[in-house]
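Structure, as structure tokens:
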Amino acid sequence: MLELMMHSGAGMALIDSGMEQFSEDPAGVFFAVTLWILLFMGSMLMLLAAVGLIRLPDLPTRMHASTKAGSLGAALIMLAVAVAMPSADVWARAIAVIAFLLLTAPVAAHVIGRAGYFVGVPLWEGTVKDDLADQYDYANRTLKSGSLKDREIDGFDDEVKVEDEADSESPERAWADEPAVEDVEQEVTQDASEEEEATEESEDSEEKGQKGEKGDKGEEGEEGDIEEEASEEEEKKKADKVGELEAEGA
Amino acid sequence: MLVYLTDIAAWFFSLQGIITVTFGVLMASLVLTFVRLVQGPTLPDRVVALELIAAIVVGVIGAYSIATGVPDFLDVAIVMALMAFLAAVGFARFLEEGGLRDA
């Protein structure tokens with residue numbers, strides 16, 4: 001059986017002469033060992049890619065297996081070809097194949113992954129993170145980019161945080177509200193002409209107080225806008241709460 | 001028995017041995033990838049399987065080129081890699097520009 005495998009085929013006879021040529025000098029032995037390692041690792045990476053393609057549950061994970069392991073396995077086998085037949089044109093062709101594989105594999109994987117995602121290939125049910133979940137408009141077929149903070153300030157969680165602080169009746173919050181109320185009471189006693197300026201000043205001081213309390217780091221202009229919106233919302237919420245409480249009391 | 005084991009080890013570490021093993025492993029990979037090509041639930045899965053089949057065929061061509069000592073087969077390998085890339089890009093284009101939806 002073994003002899004049959006060894007001496008079957010036209011190519012194997014040629015390899016016998018190649019082996020003798022390799023085993024004559026130490027450099028030939030080194031080349032033979034390098035060839036063996038390259039062929040073995042290349043074929044095993046191919047097998048790994050195929051097993052991953054079978055076993056993995058998802059299109060992106062399957063591409064994760066097949067693209068990297070497959071192209072690296074083919075590159076190693078091509079390097080084995082270049083080591084086995086050391087001439088200039090073989091090296092040139094082998095390096096051309098390797099460069100082409102390494103250049104085209106990421107592009108093809110990106111294109112297919114994008115098409116599969118947008119066509120609606122279901123992801124694995126254990127998927128933890130899907131950053132493009134709400135950013136693709138299927139009607140207009142456009143993909144929004146950037147984070148939520150850059151796109152719409154309304155949906156960002158700064159405002160939500162402020163609302164949460166208003167809702168949760170923490171002692172710090174109650175203590176921070178008191179000076180503002182005193183300012184308003186003092187302003188009521190002032191003249192009608194000065195009243196507008198005074199309210200503006202009080203709003204500014206309130207904003208500064210909130211900034212100091214929260215300790216946010218950001219540009220002041222944006223933050224001022226956000227805080228104004230937030231304070232308006234707070235007032236609305238407070239009014240609603242008062243109405244609810246009255247309704248419950250009644 | 002021990003003689004047979006040493007024979008097998010010597011065959012495995014020889015050049016024709018590793019080339020035969022490479023052919024066998026690449027054939028097994030082709031079969032596994034073909035299973036995914038047949039049963040792959042969606043079209044992009046099949047395209048990925050086709051791409052891997054092209055890469056494995058490039059490997060087979062390289063191993064056959066070593067086995068026969070003829071380096072002219074490498075041109076076929078170059079063409080295989082190029083065709084696989086073009087096929088992948090074409091399928092992706094077809095899918096994204098109004099091809100099959102939810103498939």
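Points worth noting:
- Charge tally in the Cβ shell below 14 Å around B:GLY62, where Lys, Arg are +1 and Asp, Glu are -1, B:GLY62 excluded: -1
- Cβ-based net charge around A:TRP124, under 15 Å, with every Lys or Arg adding one and every Asp or Glu removing one: -1
- With a 1.4 angstrom probe, the accessible area lost at the B-A interface totals about 5000 Å².
- Partner chain coverage, peptide B:32-38 - average Cβ within 10 angstrom: 4
- Principal-axis tilt of helix B:74-96 within chain B, Cα atoms, nearest 10 degrees: 30 degrees
- Angle between chain B longest axis and helix B:43-68 axis [Cα atoms, degrees, rounded to 10]: 30 degrees
- Here the range A:23-107 yields Rg over Rh of 1.09, to two decimals, using C-alpha coordinates and the Kirkwood radius.
- Here the range B:26-96 has an Rg and Dmax of 13.5, 44 Å, counting Cα atoms alone.
- Ordering of B:41-50, A:39-48 by burial proxy (mean other Cβ atoms within 10 Å per residue, highest first): A:39-48, B:41-50
- Along the axis of the charge dipole computed for the range A:12-119 (Cβ charges of +1 for Lys and Arg, -1 for Asp and Glu, origin at the Cα centre), the listed residues A:ALA27, A:ALA109, A:ALA94 are led at the positive end by A:ALA109.
The values are calculated or read from the model by the stated rules, or taken from the named source; none is laboratory data. As the structure is a computational prediction, the values presented were derived from the model and not from experiment. With ideal geometry, Cβ positions are generated from the backbone for all residues, glycine too; neighbour counts draw on all protein chains shown. Remember, those area values only see protein heavy atoms, side chains included, never the ligands or the DNA or RNA. Shrake-Rupley method; radii C 1.70, N 1.55, O 1.52, S 1.80 Å.
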